[in-house]
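One structure below.
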Amino acid sequence: MDLVEKIRLLPTLPGVYLYKNAEGQVIYVGKANNLRSRVRSYLLEASQANAKTGSLMREAVDIDYILVANEHEALALENNLIKQRKPRFNILLRDDKTYPYVKLTLADRFPKVFVTRRLRKDGSAYYGPYFPGNLAYRVVELIHRSFLIPSCKVDLSRYHPRACLQYYIHRCLGPCVEELTTPEIYKQAVRDAQLFLEGRQSELERSLTARMHAAAEAEQYEAAARLRDQLSTVHQLQEKQRIATAEQSDDADVFGYHFEDGSLAVNLFHMRNGKIVDRREFFFEDLQEILETPAVSGPDFSHSEGNQEASGHDSGNPRSGSRAEKAQQSEGALAPEANFNPGTVFSALLKQLYIDQHYVPRSILVPVDFDDRESLATLLSERINHRVEIAVPQRGEKRSLVDLAAQNAKQSYIQRFRFLEPSRKAIQESLADSLMLPELPRRIECFDISHIQGAETVASMVVWEDGKMNKSAYRKFKVMTVLGVDDFASMREVVTRRYKRIRDSAEAHEARTSGKHEESGHDSGNPPSGSRADQTPGAPSMTTAPSSAWVGNHEPSSNLKGHDFIHSGGHEAPGHDSGNPHGGSHAEGEHEASGHDFSRAAKSSQENGALAPAEKPSKEPATMPSLILIDGGLGQLHAAADALESLGFTSQPLASIAKKEEVIYLYGNEDEPVVLDRHSPVLHLVQMIRDESHRFAVGYHRKRRAMRDRDSELLNIPGVGRQTRQRLLTHFGSLRDVQQATADSLASVVPRKTAESIWRHFHQPQPTATTEN
């Protein structure tokens, strides 16, 4: 039975239809109150005249349908099928990582709390969404302080020898170490956090009050004081909640759009308690087909938080001539000759934004009407259990909000499609939001490995700091312990060397500081608040960046400052890249040429009482970077994470970017890769840092190869050994000068016979072996 015959036999009932191509793939999903009537309209000659419907019917060879009870069920089923099948002729939000949720991993032995943007059926409890985005982080921070539930990456399925810094600053119960807490105490803390996240403040208050009185009667005053502080936090939240409930009727989502030259920008304002608290952007690109027909077809849909794609969605003709359309036309946003129908876009957009959400505001303001607006509002009201209104305001304050959203959409269009450079702070905020960083990034360190089939393996580290590349902070590494091709082991070695150096310098600084305090007669009997004397014996005392935590067998410094250490061969000396595309100072090349062991010299000078290099002023950062970026995939990411964990840094933000897919993997959320839009300034920044680290690594690798080739060239000459080669390079400066030197000049450095051998090697043709057939 051919397609036309199947269409003629469709029932006249409400349902969802699916067009399929020759490979059996679903290429379009639509809904209808009358399946036969709606689908037969595709066979009309007038319908197939437009580009979208014509392309669809040329590819479609089969059709399936699913009957439903009413239009509301058809709306929900259509939305689910579009998200599952991802048909290319439908408008599709490819990535639903919109706003962050708080995730409580209830399936774990010791549950943790995280911020995530993707809901999964993994046994965890999800709460949210929260906006603005940093609200989720503030909630998690409150859970750390009040309920002591951690967010670390430490494996809690087994015990560890020592707790991390979070335990000693009273932000974690310490389930990683045996006997610091019990499963019963931890379970009660998780229960309290659940009540808090679910908004059951009264029940939580009763539980905390009863346990506080019980602890006081048992003379457990420390536990009673902690419960008292939690109870105070709950009281404060209850007062705020009463105010928010009274103002909840002011919650609204406001949409505006700007269309120009075949591209569309949509802005969404979130109003909560009568205030605009967040904004979101969506983009359609290259909408040539959408100008030919009221049905949206073939666009590339995206928004600022991730890549999206768009294409045609079948809806009827919305009402035209609204004030929003006239306003846009008067701005020149819509060409008069273009038959653009924004109602189709908003119909598909609102369905995919709200149908699966746990919270929908009471009012949704859109600039244009569309056919299934009332049906969608009824469906949302039934799912959310409160009335949801989708309105098209024509005048008054609500119309002013829609116009304001349209003005911002125009600015979004200009910045996106006319490539207006965003501010540094805007990029930092977008980067922190996209990569779920706890704070605005100020310093990013990026690593890359370079080699040719395992030969001369080197690594680079470049630094982005305060909006620009800090070339004086670049570092290069010669991989010392890895043989052959093993990028993972090389990355593990380099990251370990980099941050072990910072950790060791912190310990040295701590030791010097302690010595100075003892010599100056510091009164250790009455230490200031927050000093080491106030802490549990053996607890670490240090100041780190908010993005890192410490686990180790040593006591790190309370004033973490890096120092310059000179290692063998100078491989970790600063790059000092000032215009040299290969990086590296001239001094480094001399050190490698001469082969001196400067670490031994440094040690000797320290033994003789001389000033050690570690005591010189350092340009190293005082804290860990805001983000460590790895050039590579999941293997390199996990290798770097292993290195950091071995050094005790368990909560350091860490990410990697894959070259081909340009996908960013966040450590701890590897199953939720960040796919940024190809026009995103955040992606451009990450790519620029990644490319710079690659350039710096390749430059150093080429330099090492040139030195190897230079060495082998001289060592191939009879009578020239390593010491003779070193004398020649020291006297003449380079291999080229040795090649151009006369025999007499060479004889002033090496014996006459060796000098003549060198001259003949470079100036007389070498005999070639011949074979007879």
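The values are calculated or read from the model by the stated rules, or taken from the named source; none is laboratory data. Computed from a prediction, not measured in an experiment: that's the story for all the values here. Quick reminder, even Gly has a Cβ in these numbers, built from the backbone with ideal geometry, and neighbours come from all protein chains shown. To get the accessible areas, we keep the full protein, side chains included, count just its heavy atoms, and leave off ligands, DNA and RNA. Shrake-Rupley method; radii C 1.70, N 1.55, O 1.52, S 1.80 Å.
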#### Entry: Flag if Arg211 is over 23 Å from Tyr130 (Cβ atoms) and open to solvent by 60 Å² or more (accessible area, probe 1.4 Å)
yes
### Task
Please enumerate the residues belonging to region 441-460 that are more than 19 Å from the chain's Cα centre (by Cα) and among the aliphatic types (A, V, I, L, M).
Ile449, Ile452, Ala455, Val458, Ala459
### Query
Of all residues in region 451-468, how many are closer than 13 Å to Val482 by Cβ, of a type outside the set (Val, Ile, Thr) and not in a loop (DSSP other than H, G, I, E, B)?
4
### Query
Does Gln407 count as in a helix (DSSP H, G or I), without any contact (Cβ under 8 Å) to a residue 24 or more places away in the chain, at negative phi and of a type in the set (S, T, N, Q)?
no
### Task
For residues that are surrounded by 15 or more Cβ atoms within 10 Å (Cβ to Cβ) and within 43 Å of the chain's Cα centre (by Cα), scanning just region 214-224, find the one that is farthest from Leu148 (Cα to Cα).
Ala224
## Note on the structure
Out of (1) part of a helix (DSSP H, G or I); (2) at pLDDT below 85; (3) open to solvent by less than 40 Å² (accessible area, probe 1.4 Å); (4) touching a strand residue (DSSP E or B) at 6+ places or on another chain (Cβ under 8 Å), the one Val686 does not meet is (2)
### Every residue from region 634-655 that is small (Gly, Ala, Ser), at pLDDT below 90 and either under 17 Å from the mean Cα position of the chain (by Cα) or surrounded by fewer than 18 Cβ atoms within 10 Å (Cβ to Cβ) (or both)
Ser646, Ser651
### Message
Exactly one condition in (1) surrounded by fewer than 18 Cβ atoms within 10 Å (Cβ to Cβ); (2) at pLDDT below 85 is false for His451; which is it?
### Response
(1)
### Task
Sort through Ala406, Ala432 and tell me the only one that's within 28 Å of Arg118 (Cα to Cα) and either of a type outside the set (Phe, Trp, Tyr) or open to solvent by less than 10 Å² (accessible area, probe 1.4 Å) (or both).
Ala432
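Does Ser37 count as within 21 Å of Glu374 (Cβ to Cβ) and either open to solvent by 20 Å² or more (accessible area, probe 1.4 Å) or not in a helix (DSSP H, G or I) (or both)?
Details: within 21 Å of Glu374 (Cβ to Cβ): yes; either open to solvent by 20 Å² or more (accessible area, probe 1.4 Å) or not in a helix (DSSP H, G or I) (or both): yes.
Taking the combined requirement at face value, the residue satisfies it.
Which residue out of Thr105, Thr116 is without any contact (Cβ under 8 Å) to a residue 24 or more places away in the chain, of a type outside the set (A, V, I, L, M), in contact with a Phe, Trp or Tyr (Cβ under 9 Å, 6 or more places away or on another chain) and open to solvent by less than 70 Å² (accessible area, probe 1.4 Å)? Outline the logic, then answer.
Working: Thr116 fails: without any contact (Cβ under 8 Å) to a residue 24 or more places away in the chain.
Going through Thr105, Thr116 in turn, just one is without any contact (Cβ under 8 Å) to a residue 24 or more places away in the chain, of a type outside the set (A, V, I, L, M), in contact with a Phe, Trp or Tyr (Cβ under 9 Å, 6 or more places away or on another chain) and open to solvent by less than 70 Å² (accessible area, probe 1.4 Å): Thr105.
If you take the residues in region 409-426 that are among the aliphatic types (A, V, I, L, M) and surrounded by fewer than 19 Cβ atoms within 10 Å (Cβ to Cβ), which one is modelled with the lowest pLDDT? Spell out the reasoning first.
Step one: of region 409-426, the residues among the aliphatic types (A, V, I, L, M) are 409, 414, 420, 426.
Adding the requirement that they be surrounded by fewer than 19 Cβ atoms within 10 Å (Cβ to Cβ) leaves 414, 420, 426.
Numbers: Ile414: 82, Leu420: 55, Ala426: 80.
So the residue we want is Leu420.
I'd like to verify a number: residues in region 50-59 that are over 21 Å from Asn33 (Cβ atoms) and of a type in the set (A, V, I, L, M), how many?
At the first step, the residues of region 50-59 found to be over 21 Å from Asn33 (Cβ atoms) are 50-52, 54-55, 57-59.
If we keep only those that are of a type in the set (A, V, I, L, M) too, we end up with 51, 57.
Number satisfying all stated conditions: 2.
Does Leu714 count as part of a helix (DSSP H, G or I) and aliphatic (A, V, I, L, M)?
Yes, satisfied.
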### Message
Out of the residues in region 250-302 meeting the condition of being over 26 Å from Tyr99 (Cα atoms) and of a type in the set (Asp, Glu), tell me which one is modelled with the lowest pLDDT.
### Response
Glu292
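Do any helices (runs of 4 or more DSSP H) entirely within region 66-184 hold 2 or more residues that are more than 30 Å from Asn34 (Cα to Cα) and more than 28 Å from the chain's Cα centre (by Cα), and if so, which? Give the derivation first.
Values: elements: 71-85, 134-147, 165-168.
Qualifying helices (runs of 4 or more DSSP H): none found.
Yes/no per residue for (1) more than 48 Å from the chain's Cα centre (by Cα); (2) modelled with pLDDT under 90; (3) open to solvent by less than 60 Å² (accessible area, probe 1.4 Å):
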residue: Ile657; (1), (2), (3): no, no, yes
residue: Tyr665; (1), (2), (3): no, no, yes
residue: Asn669; (1), (2), (3): no, yes, yes
residue: Asp677; (1), (2), (3): no, yes, yes
residue: Pro681; (1), (2), (3): no, yes, yes
residue: Trp759; (1), (2), (3): yes, yes, no
residue: Ala769; (1), (2), (3): yes, yes, no
residue: Asn773; (1), (2), (3): yes, yes, no
### Flag for Lys187 being open to solvent by 80 Å² or more (accessible area, probe 1.4 Å), modelled with pLDDT of 85 or more and not in a loop (DSSP other than H, G, I, E, B)
yes
